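Asker: To start, I am sharing the structure in question, which I have written as structure tokens.
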Amino acid sequence: MYIAMVSAECAPIAKAGGLGDFVQGLARELSLRGNQVEVFLPKYDCLRFECIQGMTQVYRDLWVPYYDQSVRCDVEYGEVDALKCYFIVEHARENFFGRGKIYGEPDDPHRFAFFCRAVLEFMLKSDRHPDVIHCHDWQTGLVPVLLYEVCQGLGLTHTRACYTLHNMGHQGVVDESVLRQVGLKPDRLMTMERLLDPGNPQAANLIKGGIVFANFVTTVSPRYAWEIEHTDQGMGLQGLLQQYDRKFGGVLNGIDYTVWNPESDTHLPATYGPDTLPQKALSKKALRERLGLEDAAKPILAVVSRLDRQKGVDLIRRAIYFALESGCQFVLLGSAPEPAVNDQFWRIKRELESSPDCHLELGYDEELAHLIYGGADMILIPSVYEPCGLTQMIAMKYGMVPIVRRVGGLADTVFDANYSDKPFEERNGYVFDELTEAAMEAAMGRAIGLWFRFPEYFSQLRVNGMRADNSWNKPGQQYLDIYHHLRG
Ligand code: ADP
């Protein structure tokens, strides 16, 4: 099957969070199963170019409709770990992809709308007819809309669209000029049945467009699928998802074990697996040396996260002090997009600067993330909501014990050591329900207490997590089943 992945991110070359991991992992899995897979990305100036092999121009002078004019683009091709990637190079006055970052520009809706139109224009001009275009989140929500409103009439007749919702907290609620920019007709589309935002009668909702026009819609875990269809986690679109229930479902994400695997990870001083767990101590030592922590008989509790309100930043701040009071060391790697949140964490960092038991690294650092997974003992994820969450799955693969709030994909992957009804071999962490300090501290207290008092039982929990299969194997097959269903 011929599958085109159209996305704003793909790890390791363009990654801001789990979307990048998802596209890389699923695309690789589908390729390994013998499908023809191509990934389409903007050629950001901040791509990790050192990870791209054989970059060459494959199409010159692609004229992309832009309001009532067109903008000249080129298309380049390169391989990322054998994954075939196409990059849209635009020569617009606006310099859409030369901003030094993936997201966070005032004209983001226009930047990504342009990208959607450019990718489809390239498919038409280069005579590509994917069986399925798989697109993601609000940035590429216009792809299914354009496919049916414009490109089907121009020749993309048998291509079907699969659309994955990675986060309902960002819906792309935009001015209708975004539609005119790409050649869509607002008169036709700005209705409640189509793109009109339910909360703002002047605005178009790009995620809504993707849901209405795609042939199949998925989200990244079964629990989150239920939450966004039946609770206010749908953030205004729950009614729409109920309406399209027959073409909607949750598929639990995998993680890519060629990237996230302590048995082969070159970022660690020594590799280890479930049968060689004592070797993990070498990573713990290296992590302490790297971050200036004391070598002591204490567990390391870590947070690796975007410091977004979604991630429970207030609880994370409290957890730093609770961990230290409970005899743990605490490590945080996080980047805060919101200046007020960033300031709060900087204040704590300065306050605890001289502590031998605490280190806060405020920024984004892929290599350090690997060493933290390798060296730390527990990971805390107290999210307000969590569509899937990859960090708990990565952490478990590295023998960490997760402490999580029972929401979204966290509820589908972490099973409480004391209270789960799963057999013991499937229990792998600690879970709490209420979004309160007391609930979080109770779960942290149980995990930390186990580390100190019952180390063998703690090791067994680590091994249970390491042995769980969170690879792309099963979700890869589930996505293929969806694609076949769409073709059928
Ligand atoms: P989200 O997509 O909501 O950010 P996920 O748990 O799905 O959350 O994915 C997070 C991914 O980003 C993981 O691969 C995690 O290791 C990585 N990550 C998050 N914050 C950082 C950071 N500050 N530095 C390096 N990697 C990070």
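The values are calculated or read from the model by the stated rules, or taken from the named source; none is laboratory data. Every value quoted in this text rests on a predicted model; they were computed, and no experiment measured them. Methodologically, a virtual Cβ is constructed for each residue, glycine included, from the backbone with ideal geometry; neighbour enumeration extends over all protein chains shown. Protein only, heavy atoms only, side chains kept; ligands, DNA and RNA dropped before computing areas. Shrake-Rupley method; radii C 1.70, N 1.55, O 1.52, S 1.80 Å.
Asker: Criterion first (on the phi > 0 side of the Ramachandran plot and in contact (Cβ under 8 Å) with a residue 40 or more places away in the chain) does residue 16 satisfy it?
Answerer: Answer is no for this residue.
Asker: Hey, residue 14 hits all of (1) in contact with a Lys or Arg (Cβ under 9 Å, 6 or more places away or on another chain); (2) away from the ligand (no atom under 16 Å from the Cβ); (3) under 28 Å from residue 473 (Cβ atoms) but one; which does it fall short on?
Answerer: Unmet for residue 14, out of (1) in contact with a Lys or Arg (Cβ under 9 Å, 6 or more places away or on another chain); (2) away from the ligand (no atom under 16 Å from the Cβ); (3) under 28 Å from residue 473 (Cβ atoms): (2).
Asker: Moving to a separate point now. When you scan region 350-367, do you find a residue that is within 8 Å of the ligand (Cβ to nearest atom) and within 23 Å of residue 443 (Cβ to Cβ), even just one?
Answerer: No - not one qualifying residue is present in region 350-367.
Asker: With respect to residue 48, is the statement that it is of a type in the set (Lys, Arg) and more than 16 Å from the ligand (Cβ to nearest atom) true?
Answerer: no
Asker: Does region 221-230 contain at least one residue that is more than 16 Å from the ligand (Cβ to nearest atom) and touching a helix residue (DSSP H, G or I) at 6+ places or on another chain (Cβ under 8 Å)?
Answerer: Looking through region 221-230, at least one residue is more than 16 Å from the ligand (Cβ to nearest atom) and touching a helix residue (DSSP H, G or I) at 6+ places or on another chain (Cβ under 8 Å).
Asker: Tell me yes or no: at least one residue of region 129-140 is touching a residue at least 12 places away in the same chain (Cβ under 8 Å) and surrounded by fewer than 17 Cβ atoms within 10 Å (Cβ to Cβ).
Answerer: yes
Asker: Let me confirm something: among 39, 64, which residue is touching a helix residue (DSSP H, G or I) at 6+ places or on another chain (Cβ under 7 Å), within 26 Å of residue 219 (Cα to Cα) and more than 16 Å from the ligand (Cβ to nearest atom)?
Answerer: 39 is the lone residue from the list that is touching a helix residue (DSSP H, G or I) at 6+ places or on another chain (Cβ under 7 Å), within 26 Å of residue 219 (Cα to Cα) and more than 16 Å from the ligand (Cβ to nearest atom).
Asker: Which members of region 417-457 meet the condition of being touching a residue at least 60 places away in the same chain (Cβ under 8 Å) and part of a helix (DSSP H, G or I)?
Answerer: Within region 417-457, 437, 440, 441, 444, 445, 447, 448, 451, 452 qualify.
Asker: Then there's this: Can you name the residue in region 83-128 that is aromatic (Phe, Trp, Tyr) and touching a Leu at 6+ places or on another chain (Cβ under 7 Å) and is also surrounded by the most Cβ atoms within 10 Å (Cβ to Cβ) among such residues?
Answerer: 87
Asker: Only one of (1) within 16 Å of the ligand (Cβ to nearest atom); (2) under 26 Å from residue 179 (Cα atoms) is not met by residue 24, so which one is it?
Answerer: Only one criterion is unmet by residue 24, namely (2).
Asker: Determine, yes or no, whether residue 19 is outside any helix (DSSP H, G or I) and within 24 Å of residue 254 (Cα to Cα).
Answerer: Against the criterion (outside any helix (DSSP H, G or I) and within 24 Å of residue 254 (Cα to Cα)), residue 19 does not qualify.
Asker: Now for a different question. Taking residue 268 as meeting all but one of (1) open to solvent by 20 Å² or more (accessible area, probe 1.4 Å); (2) farther than 29 Å from residue 132 by Cβ, write down the number of the exception.
Answerer: Among (1) open to solvent by 20 Å² or more (accessible area, probe 1.4 Å); (2) farther than 29 Å from residue 132 by Cβ, the lone unmet condition for residue 268 is (1).
Asker: Then there's this: Quick check on region 372-389: of everything there that is assigned to a helix (DSSP H, G or I) and within 11 Å of the ligand (Cβ to nearest atom), which residue is surrounded by the most Cβ atoms within 10 Å (Cβ to Cβ)?
Answerer: The qualifying residue surrounded by the most Cβ atoms within 10 Å (Cβ to Cβ) is 372.
Asker: Pairs needed: first member in region 162-182, within 14 Å of residue 203 (Cβ to Cβ); second member anywhere, in a loop (DSSP other than H, G, I, E, B) and open to solvent by less than 10 Å² (accessible area, probe 1.4 Å); C-beta distance under 8 Å; at least 6 residues apart or different chains.
Answerer: 171/237; 172/141; 179/195
Asker: Considering region 390-406 alone, what residues qualify as being open to solvent by 10 Å² or more (accessible area, probe 1.4 Å) and within 12 Å of the ligand (Cβ to nearest atom)?
Answerer: 390, 391, 397
Asker: Looking at region 306-326, which of the residues that are part of a helix (DSSP H, G or I) and small (Gly, Ala, Ser) is farthest from the ligand (Cβ to nearest atom)?
Answerer: My answer is 323.
Asker: Here's another thing I want to ask about it. So in region 327-351, with the set limited to residues that are assigned to a loop (DSSP other than H, G, I, E, B) and within 19 Å of residue 375 (Cβ to Cβ), which one is least open to solvent (accessible area, probe 1.4 Å)?
Answerer: Restricting to residues being assigned to a loop (DSSP other than H, G, I, E, B) and within 19 Å of residue 375 (Cβ to Cβ), the top hit is 328.
Asker: Okay, next question. Is there a residue being out of contact with any strand residue (DSSP E or B) (no Cβ under 9 Å at 6 or more places or on another chain), without any contact (Cβ under 8 Å) to a residue 24 or more places away in the chain and not in a helix (DSSP H, G or I) anywhere in region 41-62?
Answerer: Looking through region 41-62, none of the residues is out of contact with any strand residue (DSSP E or B) (no Cβ under 9 Å at 6 or more places or on another chain), without any contact (Cβ under 8 Å) to a residue 24 or more places away in the chain and not in a helix (DSSP H, G or I).
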